[in-house]
Amino acid sequence: MNVRVVVGYSLSQRFLHWATVLLVLFNLLLPDGMNAWQRLVRHGGTPSPEQIASANIHAYVGIAILLMTVLRLGLRFVQGVPLKASDEPAIFRFAARLAHASLYLLLLALPASGIAVYYFGAQALGSLHADVLKLILWIVIVAHVFGALVHQFYWKTDVLRRMTVG
Ligand code: HEM
Ligand code: HEM
């Protein structure tokens, strides 16, 4: 996607980045309510109101992530994004671009597959959501954070700064 190039991320872009991080970590680390709902439904049981409520937390957090991701992509388009650091070797600039594109795709695909399972009974997509996409997301997050730390402490660029204090 062609986007405008600017010097930094806007306050809204930075807020959405860090709010998304918190919500994604919440859903990755605390999916137990949704898992219990899924186990019960798969075995033909009827979830109690408490079980539905705790599964709904996972669903609503995931839907919030989806909406925030759509908003972020819109902001990228309207407000632009800063250039990748020029002192970084071309291969790493490519890796960063690939990681960011994959993160956006995953932040759309995970909620979409979850919604298909939870609201539309597409049980076949359960393992895509809970095994495949989850694992890929973990791998890309680890690579992304490693990249950010290398920038900060090895290349000593301002990349982390422009996504935090701006
Ligand atoms: C980025 C957003 C999301 C993330 C990171 C996420 C993450 C997860 C994780 C880690 C699990 C448990 C996997 C395991 O036990 O190892 C899970 C299960 C599940 N999630 Fe999500 N989720 C997201 C969004 C959603 C949404 C929006 C919905 C529904 C509206 C949803 C519905 C489900 C369901 C039904 C399961 C159980 C699937 C199964 O075990 O077959 N998720 N999710
Ligand atoms: C759930 C975890 C995370 C997700 C899903 C995520 C997602 C993203 C995405 C999609 C972008 C691209 C923004 C754009 O240009 O439109 C980005 C940028 C960035 N993220 Fe993350 N991020 C996560 C965690 C982190 C963490 C923990 C750090 C810090 C250690 C971090 C630091 C950065 C930085 C510095 C940038 C700007 C990169 C640049 O300007 O080239 N992220 N993140």
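The values are calculated or read from the model by the stated rules, or taken from the named source; none is laboratory data. Everything numeric in this text was worked out from a predicted model, so none of it was measured. Methodologically, a virtual Cβ is constructed for each residue, glycine included, from the backbone with ideal geometry; neighbour enumeration extends over all protein chains shown.
Odds and ends about this structure:
- Among (1) of a type in the set (Gly, Ala, Ser); (2) surrounded by 17 or more Cβ atoms within 10 Å (Cβ to Cβ); (3) modelled with pLDDT under 95; (4) more than 9 Å from ligand 2 (Cβ to nearest atom) - the single one residue 90 does not satisfy: (2)
- Of the residues making up region 60-81, at least one is more than 16 Å from ligand 2 (Cβ to nearest atom), of a type outside the set (A, V, I, L, M, F, W, C) and in a helix (DSSP H, G or I).
- Among the residues making up region 1-47, those that are surrounded by 11 or more Cβ atoms within 10 Å (Cβ to Cβ) and small (Gly, Ala, Ser) are 8, 10, 12, 19, 33, 36, 45.
- If you filter region 122-152 down to residues that are free of Cβ contacts under 8 Å to residues at least 12 places away in the same chain and near ligand 1 (Cβ under 10 Å from one of its atoms), you find that the one that is nearest to residue 100 (Cα to Cα) is 135.
- Yes/no for residue 81 being modelled with pLDDT of 95 or more and surrounded by 14 or more Cβ atoms within 10 Å (Cβ to Cβ): no
For every residue, the table says whether it meets (1) within 14 Å of ligand 1 (Cβ to nearest atom); (2) of a type outside the set (Val, Ile, Thr).
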| residue | (1), (2) |
| --- | --- |
| 63 | yes, no |
| 113 | yes, yes |
| 119 | yes, yes |
| 154 | no, yes |
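- Annotation: of all residues in region 82-106 being among the charged types (D, E, K, R) and part of a helix (DSSP H, G or I), the one that is nearest to residue 119 (Cα to Cα) is 97.
- Scanning region 93-121 for residues being closer than 22 Å to residue 40 by Cβ and surrounded by 15 or more Cβ atoms within 10 Å (Cβ to Cβ) gives a total of 8.
- Applying a threshold of 9 Å to beta carbon distances and a minimum spacing of six or more residues, or different chains, the list of pairs starting in region 13-25 at a residue that is more than 19 Å from residue 79 (Cα to Cα) and ending at one that is near ligand 2 (Cβ under 7 Å from one of its atoms) and not acidic (Asp, Glu) reads 21/141; 24/107; 24/141; 25/141.
- Of the residues making up region 96-122, just one is away from ligand 2 (no atom under 11 Å from the Cβ) and farther than 30 Å from residue 55 by Cβ, namely 98.
- Residue count for region 71-102, restricted to those that are touching a Leu at 6+ places or on another chain (Cβ under 8 Å) and either under 23 Å from residue 139 (Cα atoms) or without any contact (Cβ under 8 Å) to a residue 12 or more places away in the chain (or both): 1.
- Considering (1) of a type in the set (A, V, I, L, M); (2) over 27 Å from residue 12 (Cβ atoms); (3) surrounded by 13 or more Cβ atoms within 10 Å (Cβ to Cβ), the lone condition that residue 140 does not fulfil carries the number (2).
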